[in-house]
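Report on the structure given below.
Here, each number is a calculation from the coordinates, and none is a lab measurement. These figures come from a predicted structure and were not determined experimentally. Every residue, glycine as well, gets a Cβ built from its backbone with ideal geometry; the counts of neighbours run over all protein chains shown.
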Amino acid sequence: SQQGEEDPQALSIQEGENATMNCSYKTSINNLQWYRQNSGRGLVHLILIRSNEREKHSGRLRVTLDTSKKSSSLLITASRAADTASYFCAPVGYQKVTFGIGTKLQVIP
Amino acid sequence: DVKVTQSSRYLVKRTGEKVFLECVQDMDHENMFWYRQDPGLGLRLIYFSYDVKMKEKGDIPEGYSVSREKKERFSLILESASTNQTSMYLCASSLSPGREGNIQYFGAGTRLSVL
């Protein structure tokens, strides 16, 4: 399977700071996706980066991908209390997508 | 916007009961998935389906079955509920592989308690 492993498992920062989460995976991928989950809810897709891309931006989100190291990072700039959630990476091969345990981010107002 | 609707947000059932969790999507997606999510274990894939009447086992299919009689509906069945099936269940759907990069759209989840 393509399971991603997020690091750290928990992160606590002050509002306004940047939050960086990392993801490592083991096999080759077509793309890598990041999802967000608010407490007790379903996951919401945030951003997709293809295997031939190195960096992608979407609003306050910046994702990097290093296929040689099989790793990705998600940066949330100028964090807000509303960013408090769990974040999951999902390396995608052909069909099945496997999610890891996620990074639990707490943004303190 | 894609909408994935799970029939219940909360369910309480007794051990041994047959439990049906229903999921409906409104975007004509080929793929549908059932996951369970437990603290410290992340999301684990139970079953998935690539087409009507097709099903494939995921990583933890034991104790579960599924039904996909119509493209928009994917049901998860607990034949005889047990306490270790107490969990959050998440349904998701996506377009066929190669389209939209396999982005998955999730329902809000069903928190099932088996007593």
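Key figures for this structure:
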read-out	value
Bridge type composition, the protein assembly as shown - antiparallel percent by DSSP, nearest 5	90 percent
Pair-distance profile P(r), taking every C-alpha pair of chain B, with 10 angstrom steps and integer %	15, 50, 30, 5, 0
Mean Cβ count within 10 Å, highest first, over the residues of peptides B:47-54, A:98-105	A:98-105, B:47-54
Alpha-carbon Rg with Dmax, taken over the protein assembly as shown, Å	17.4, 51
Shielding by partners - mean other protein chain Cβ count within 10 Å, residues of B:100-110	6
Summed residue charge, Cβ within 13 Å of A:SER24's Cβ, Lys/Arg positive, Asp/Glu negative	-1
Karplus-derived 3J(HN,Hα), 6.51/-1.76/1.60, for each residue of segment B:74-80, Hz, glycine and proline x	9, 10, 10, 10, 9, 4, 8
Shielding score for B:34-46, defined as the mean number of other chain Cβ atoms within 10 Å	4
Per-residue Cβ neighbour rank within 10 angstrom, fewest leading, A:ARG54, A:ARG36	A:ARG54, A:ARG36
Pairs from B:LYS3/B:LYS53; B:LYS18/B:LYS70; A:LYS56/B:LYS71 whose Cα-Cα separation, in the structure shown, is over 30 Å	A:LYS56/B:LYS71
Tail fraction, Cα-Cα pairs, chain A, threshold 16 Å, whole percent	54 percent
Inter-site label distance for A:ARG80 and B:SER113 at 7 Å from Cα along Cβ, in nm	3.4 nm
Relative contact order of segment B:5-115, defined on C-alpha pairs under 8 angstrom at six or more residues apart (%)	36 percent
Paramagnetic reach from B:THR83 (point 7 Å along Cα→Cβ, amide N under 17 Å) across segment B:1-26	B:12-17
Length-normalised contact order of chain A in % [C-alpha pairs under 8 Å, at least 6 apart]	40 percent
